[in-house]
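To keep things clear, I will list the structure first and then write my remarks on it.
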Amino acid sequence: MMNLADEWNSSIKQSSYLKILNEKGISNNDFWKNLDYYDELMKYSGYPGKILDRISTFIFPEDILLDIGSGAGAFALPLSKISNKLIALDPSPYQLSILKSKAEADKCDNILYIEKEWKNVSKYEIGHVDYSLAAYSFFEDDIYSFLEKLIYVATKGIFLVFRAGRGDPLREYVYNNKNSVDFLHLYNILSEMGYIFNVEIFTSDYKLPLPFVYRSYPYSIKTEDEIFNYLNENNRLIKKQNFYEVLCQRKDALLYLIK
């Protein structure tokens with residue numbers, strides 16, 4: 001019988017982008033280059049929206065933050081504007097280059113960039129951190145070590161963001177895999193480790209232009225016609241004058257622990 005960590009690791013390898021990396025033989029960096037629409041998607045969905053607002057209520061101007069898996073800066077950039085210093089850690093030079101460009105444009109000069117995976121960073125390399133954050137970046141082999149280290153380095157609190165529920169069924173359809181873990185599994189792992197986190201759920205309903213949905217799945221095993229039929233059969237298409245919009249919903253969980 002698998003324990004919580006084994007079940008988590010098995011599911012993540014089969015339902016996350018790690019499966020695509022393995023099947024296509026591409027790097028983390030190449031994967032993100034093919035998803036250059038990501039910032040635009042965030043604008044449509046409103047992410048991180050109210051999650052960011054909630055986290056911001058804990059942050060003071062003197063605080064130092066660590067964002068593990070910062071990507072192009074959905075959290076890192078706005079949080080850097082209300083804190084003393086932000087450490088943006090990500091293994092993708094492409095993603096960090098986007099964040100750097102945004103930071104320069106916004107005249108944010110208090111971000112330290114570290115191009116590494118979290119497992120390759122020592123506790124002492126980070127130094128003093130008030131808050132640590134990980135949003136959809138729990139994709140390393142040892143989830144216990146991942147969590148234990150990010151809890152250890154933070155002196156004031158920890159923020160974790162992950163899906164609430166199965167995620168968009170369309171993703172399961174186009175990649176022929178099923179998400180079997182969500183924030184509850186993460187919560188139970190943390191509880192097993194002796195940490196009881198607070199949980200808040202955030203729901204966002206939004207619409208995407210149909211061509212944008214096609215772009216969102218560059219490694220899909222389904223054709224555009226198959227995707228269209230799936231969306232139509234599930235009543236997710238809205239016909240406009242000369243184009244279609246797709247009804248979408250995302251549910252995210254914020255898990256946080258204030259020390």
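The values are calculated or read from the model by the stated rules, or taken from the named source; none is laboratory data. Keep in mind that this is a model prediction, so the values were computed, not measured. Note that we place each Cβ from the backbone using ideal geometry, even for glycine, and neighbour counts take in every protein chain shown. Surface accessibility is based on the protein's heavy atoms, side chains included, excluding ligands, DNA and RNA. Shrake-Rupley method; radii C 1.70, N 1.55, O 1.52, S 1.80 Å.
Figures for the structure shown
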{"read-out": "Extreme residue, nearest to Asn198 (Cα to Cα), among residues of the range 40-83 that are aliphatic (A, V, I, L, M) and assigned to a loop (DSSP other than H, G, I, E, B)", "value": "Ile59"}
{"read-out": "Test for Ser83: is it open to solvent by less than 30 Å² (accessible area, probe 1.4 Å), under 15 Å from the mean Cα position of the chain (by Cα) and of a type in the set (S, T, N, Q)", "value": "no"}
{"read-out": "Residues of the range 214-259 that turn out to be within 23 Å of Val161 (Cα to Cα) and among the β-branched types (Val, Ile, Thr), as a count", "value": "1"}
{"read-out": "Selection status of Asp141, in contact with a Lys or Arg (Cβ under 7 Å, 6 or more places away or on another chain), in contact (Cβ under 8 Å) with a residue 40 or more places away in the chain and either in a loop (DSSP other than H, G, I, E, B) or among the acidic types (Asp, Glu) (or both)", "value": "no"}
{"read-out": "Among (1) in a helix (DSSP H, G or I); (2) in contact (Cβ under 8 Å) with a residue 40 or more places away in the chain; (3) farther than 23 Å from Ile201 by Cα; (4) not β-branched (Val, Ile, Thr), the one test that Leu35 misses", "value": "(1)"}
{"read-out": "Sole residue being at pLDDT 80 or above, of a type in the set (A, V, I, L, M, F, W, C) and within 26 Å of Lys178 (Cα to Cα), chosen from Met42, Met1", "value": "Met42"}
{"read-out": "Some residue of the range 110-120 being of a type in the set (Lys, Arg) and outside any loop (DSSP other than H, G, I, E, B)", "value": "yes"}
{"read-out": "Selection from the range 83-120 of residues that are of a type in the set (A, V, I, L, M), touching a residue at least 12 places away in the same chain (Cβ under 8 Å) and out of contact with any strand residue (DSSP E or B) (no Cβ under 9 Å at 6 or more places or on another chain)", "value": "Ile98"}
{"read-out": "Any hit, the range 170-179, residues being within 20 Å of the chain's Cα centre (by Cα), closer than 22 Å to Glu40 by Cβ, of a type in the set (A, V, I, L, M, F, W, C) and open to solvent by 10 Å² or more (accessible area, probe 1.4 Å)", "value": "no"}
{"read-out": "Given (1) in contact with a Leu (Cβ under 7 Å, 6 or more places away or on another chain); (2) at pLDDT below 95; (3) open to solvent by 50 Å² or more (accessible area, probe 1.4 Å), index of the condition Arg54 fails", "value": "(2)"}
{"read-out": "Given (1) surrounded by 15 or more Cβ atoms within 10 Å (Cβ to Cβ); (2) in contact with a Ser or Thr (Cβ under 8 Å, 6 or more places away or on another chain), number of the condition Phe162 does not satisfy", "value": "(2)"}
{"read-out": "Filtered residues of the range 43-69 (kept if among the polar types (S, T, N, Q) and within 21 Å of Ser216 (Cβ to Cβ))", "value": "Ser45"}
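To keep it simple, each residue is scored yes or no on (1) part of a strand (DSSP E or B); (2) of a type in the set (Lys, Arg); (3) without any contact (Cβ under 8 Å) to a residue 40 or more places away in the chain.
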residue: Tyr187; (1), (2), (3): no, no, no
residue: Ile196; (1), (2), (3): no, no, no
residue: Leu208; (1), (2), (3): yes, no, no
residue: Phe212; (1), (2), (3): no, no, no
residue: Ile221; (1), (2), (3): no, no, no
residue: Glu226; (1), (2), (3): no, no, yes
residue: Asn232; (1), (2), (3): no, no, yes
residue: Gln241; (1), (2), (3): no, no, yes
